[in-house]
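Since the structure comes first, as C-alpha cells, the remarks are kept for the end.
Each value in this text was obtained by applying a stated rule to the coordinates, not by laboratory testing. Values in this document were obtained by computation on a predicted structure and should not be read as measured data. Backbone-built Cβ (ideal geometry, glycine too); neighbour counts: all protein chains shown.
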C-alpha cells in the first residue's frame, strides 16, 4: 500500500506535497479527523472549527480511500488543513494513528466528521479542563443530537464487565469509557501507550483506548460544558444492518480477547448466545401480535447476526 500525504497549499512542481508549518511555539491541540465517504457532512465539521488557520491548533484529516469526493472537498476548500489520502481503507483506528508521530500539540482532539462544534470555545474548554485535571488522561465532551437533545456518550462499565471483576480491579476513576466521536487526550500519554489498536477496524477502539489509559494510571474525564453535535452513523449508511451488527460483535470479542481471561470470555459467550436464542424465539412467537413489524424485524436482524457471529467461536472467543 502506498499513501499520498499532502500539505494543502499551493502545489509546487505539480503534485502538492506535505510540509509541516514552521512555528516557534507549538499549538495547544492537534485535531485528527478520519473520513470515509462522509462528503455530505465533512464540510459542516470543518467549518465548525472556525475560519482559516489558528496558531493554537493544527488540523489533520485522514481520508480512508473514500469514493464520494470527500478528499477533494478538504483539498479545495480548506487549504490550512493537513490531508492524507489513503489508497485503501485502513480502518478508523489505524487512520487515527497515521498522524500521531507528527502531532505537535500538548493534546490530541479526536473528532468524527459527522460531528460539529457548537461554538468557537469548545476546544478551549477542553484544554482548560485537561490543564486543570492532570490526573485525567483522556476526556469526552458532551454530545447532543441534531435536535439538541442529550446523546448518551459516557459508560461506567465495559462490555461484559459484570463477568470480569478481577480483570478490572484497581482502575482509576468511575468512568469506563467515552464515545470516540469527540474526545481529547494527552499527546505524550497516547504516544506512550501506542495510540489506538490497529486491530480494531470500526467499533470498540474507543473502549479499548480508554481502558489502556486507565491501566496507565489515569482517569477518564467528561467535559460537560463543551458541547458537540453528533449526527452518527454516516460512514455506515450504505452497510447492511446485519453486517453492522456482525462488525460490532466481532469488535466486542476482540476487546474481550485483549483484556479478559479465557474463562471469562467463555461465560460471556454462553450468556450472549443464550440471550440471542431467547430473543429470536420470543420475537418469532410474538411477531403476529405486534403492531410495529419494522421495529420487530430490526430486532430479529440484530439477534440473528449476533447468533451467527458467535456460534462458530470457540470458548476463548477466537475463530
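Result for the chain in a Gaussian network model with C-alpha springs under 10 Å: among 280, 202, 171, the largest mean-square fluctuation is at 280. With Rh defined as the Kirkwood radius, the inverse of the mean 1/r over Cα pairs, the Rg/Rh of region 242-310 is 1.06. A Förster radius of 51 Å, combined with the Cβ-Cβ distance separating residue 311 from residue 25, puts the computed FRET efficiency at roughly 0.35.
With neighbours defined as other Cβ atoms within 10 Å of a residue's Cβ, the residues 222, 36 order from fewest to most as 222, 36.
Estimated at 0.36 nm per residue, the fully extended path between residue 243 and residue 191 surpasses their Cα-Cα distance by 15.5 nm. Among 172, 116, 162, the largest mean-square fluctuation in a Gaussian network model of the chain, built with springs joining Cα atoms closer than 10 Å, belongs to 162. Net length available on complete extension from residue 299 to residue 165 is 45.3 nm, with 0.36 nm assigned per residue and the Cα-Cα distance removed. Considering Cα pairs under 8 angstrom that are at least six residues apart, work out the relative contact order of the chain and quote it in whole percent. 18 percent.
Specify which labelled value, from (i) 0.96; (ii) 1.01; (iii) 1.06, agrees with Cα Rg over 2.2 N^0.38 Å derived from the coordinates of the model shown. Identified label for the calculated read-out: (iii). Evaluated at q = 0.19 Å⁻¹, a Debye calculation over the C-alpha positions of region 203-280 (equal weights, vacuum) places log10 I(q)/I(0) at -1.06. Largest GNM mean-square fluctuation among 38, 301, 141, using the chain with Cα springs under 10 Å: 301.
Dividing the helix sum by the residues of the chain, where each DSSP H run of 4 or more adds -39500 (n - 2.57), gives a mean residue ellipticity at 222 nm of -11000 deg cm²/dmol.
Contact order, relative form, for region 242-310: 54 percent (alpha carbon pairs under 8 Å, 6 or more residues apart, mean separation divided by residue count). Against the chain, whose longest principal axis comes from its Cα atoms, helix 122-132 is set at around 80 degrees. Dividing the mean sequence gap of close Cα pairs (under 8 Å, 6+ apart) by how many residues region 178-298 holds gives a relative contact order of 23 percent.
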